[in-house]
Amino acid sequence: MIVLALSGPAGSGKTSIGKEIAGHFNLRFVSIGTLFRQLASELNMDLREFHILAEKDYKYDLLVDSRAIEEAKKGNVLVEGHLACWILKDIADLRIYLSAPLEERARRVAERDNMSIEKALEDVKKREESNKKRYKQIYGINIEDLSIMDIIINTSKFSKEKVTEILISIVEAYLSNRNASNNIDR
């Protein structure tokens, strides 16, 4: 059984790469962003409206994060989200952080969401500032402190396929090492 936590800012590649890794290892893929959107839908709210509500009332972030924790406790899962590594720090076997320069991430978001790079850059900056503030207030977490991460990769340095390949080989090495350690202990 394994639990992988994958974090990174918008446009870092965490969703697309996370799905590839989960598929390779036959893990369930849980996106905290999807859990957030599901809760918005349960409350009959559009996403922008729900974000505004969540900024004012932290119970929604706490509820979404508790759902992610419950999924992680079931095992055999990759949980992806901005805060996944921090909220799963005591559960995850590996905490992986993907990064990329702001301009590159804005370009990716613009392409993904079919908007101008300028609009994407504005949206990414605004979202990151909101996330940084909320996570500090809710959990006392500084999302700029990456000291809890096991692996950090700048996704602008490699293709999506190469990043996926690198991470798959790291997870395989971890599993092999863990299995060898378990055999020695017997």
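The values are calculated or read from the model by the stated rules, or taken from the named source; none is laboratory data. These numbers come from a predicted model, not from an experiment. Please note: Cβ atoms are built from the backbone with ideal geometry, for glycine as well, and neighbour counts cover all protein chains shown.
Summary of computed values
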read-out: Residue list for region 145-162, filter: in a loop (DSSP other than H, G, I, E, B), in contact (Cβ under 8 Å) with a residue 40 or more places away in the chain and over 17 Å from ALA5 (Cα atoms); value: SER156
read-out: Test for ASP123: is it touching an Asp or Glu at 6+ places or on another chain (Cβ under 9 Å), surrounded by 13 or more Cβ atoms within 10 Å (Cβ to Cβ) and modelled with pLDDT of 95 or more; value: no
read-out: Helices (runs of 4 or more DSSP H) contained in region 1-96 and holding at least 3 residues touching a helix residue (DSSP H, G or I) at 6+ places or on another chain (Cβ under 6 Å); value: 14-24, 32-42, 47-56, 59-74
read-out: Unique match (being at pLDDT 95 or above and not small (Gly, Ala, Ser)) among GLU128, GLU161; value: GLU161
read-out: Lone qualifier among ALA110, ALA173 - being loosely packed, with under 14 Cβ neighbours inside 10 Å, among the aliphatic types (A, V, I, L, M) and over 18 Å from the mean Cα position of the chain (by Cα); value: ALA173
read-out: Among the candidates ILE91, ILE166, ILE138, residue that is surrounded by 13 or more Cβ atoms within 10 Å (Cβ to Cβ) and free of Cβ contacts under 8 Å to residues at least 60 places away in the same chain; value: ILE166
read-out: Boolean, ASN142 is modelled with pLDDT under 95, over 14 Å from GLY11 (Cβ atoms) and assigned to a helix (DSSP H, G or I); value: no
